1. Against the definition (in a strand (DSSP E or B), at positive phi, of a type outside the set (Lys, Arg) and surrounded by fewer than 16 Cβ atoms within 10 Å (Cβ to Cβ)), how does residue 94 come out, yes or no?
2. Please specify each residue of region 51-73 satisfying the condition of being more than 15 Å from residue 39 (Cα to Cα) and surrounded by 15 or more Cβ atoms within 10 Å (Cβ to Cβ).
3. Restricting to region 158-192, and then to whatever is closer than 22 Å to residue 142 by Cβ and among the polar types (S, T, N, Q), can you tell me which residue is modelled with the lowest pLDDT?
4. Please find, within region 1-48, the residue that is nearest to residue 119 (Cα to Cα) out of those that are part of a strand (DSSP E or B) and among the hydroxyl-bearing types (Ser, Thr, Tyr).
5. Could you list, ordered by first residue, the pairs with Cβ atoms under 6 Å in which the first is in region 145-156 and over 16 Å from residue 131 (Cα atoms) and surrounded by fewer than 17 Cβ atoms within 10 Å (Cβ to Cβ) and the second is among the hydrophobic types (A, V, I, L, M, F, W, C) and at pLDDT 90 or above, at least 6 apart or interchain?
6. Does residue 87 fit the bill of being part of a strand (DSSP E or B) and under 30 Å from residue 7 (Cα atoms)?
7. Considering each residue of region 157-181, count those that are assigned to a strand (DSSP E or B) and surrounded by 15 or more Cβ atoms within 10 Å (Cβ to Cβ), and give that number.
Amino acid sequence: MQIIAPQSGQQVVVGDAVDIQIAAQDAVGITFLQLQVANRVSSTKSFPEPATQAEALLRWQPDRRGTFALSVVAYRDGVASEPATLSLEVVGRGETVTNPASGQPQAAPLNSTDCRGRVLIDNLRVRTGPGTNYSSSGRYALNEQVTVLGTNLNPRGEEWLLVRRASGEAWLIRNTDWVELSGACSSLPALSAN
């Protein structure tokens, strides 16, 4: 297990969201990751299927100034790994940041009518239609940016998103562990399965 970014000792600003990028591997398969700050669970990230090599972004939003110890643990069902740790200094808004946190993703600029998605886990499987009964049409990489075109609520009650990237369109399930939406997403059109 490894914390890729940010680096220990770097600074973040109180109130700003910080993405902690994690890489972990397990011969059987990781089912979820857990971020703890000051021995309290801050966020978790599940995987759609056990992953022998897992990479993901876990979010932390500090609410006060100070130096904080963060640790990440990978789980195979209920079995925990040894934690990976780092320390971050939280400075006040308006204070000078001399050692900013590295590895923070930069979002593509949004058109005021765009709904954008950002992939939060590596190897996210996408489908040719809105459901697991449709064939896989590839996988998206961690931090990949997509344009969301519409939604579909399938007969199983799952909400799926039709997304576009440079190589074409695909469907992915709407799950906040796997994709983060931003922009004009409140009025996405309802689409039928083709």
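The values are calculated or read from the model by the stated rules, or taken from the named source; none is laboratory data. All of these numbers come straight from a predicted model, not from anything done at the bench. All Cβ positions, glycine included, derive from the backbone under ideal geometry; neighbour counts span all protein chains shown.
1. Answer is no for this residue.
2. Those that are more than 15 Å from residue 39 (Cα to Cα) and surrounded by 15 or more Cβ atoms within 10 Å (Cβ to Cβ): 51, 54, 55, 56, 57, 58.
3. That would be 167.
4. Once the filter is applied, the top-ranked residue is 46.
5. Listed pairs, sorted by first residue: 149/162.
6. yes
7. Here the count works out to 12.
Every residue, every condition in (1) over 18 Å from the mean Cα position of the chain (by Cα); (2) aliphatic (A, V, I, L, M), yes or no:
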| site | (1), (2) |
| --- | --- |
| 154 | yes, no |
| 158 | yes, no |
| 165 | no, no |
| 170 | yes, yes |
| 174 | no, no |
| 178 | no, no |
| 182 | no, no |
| 187 | yes, no |
| 192 | yes, no |
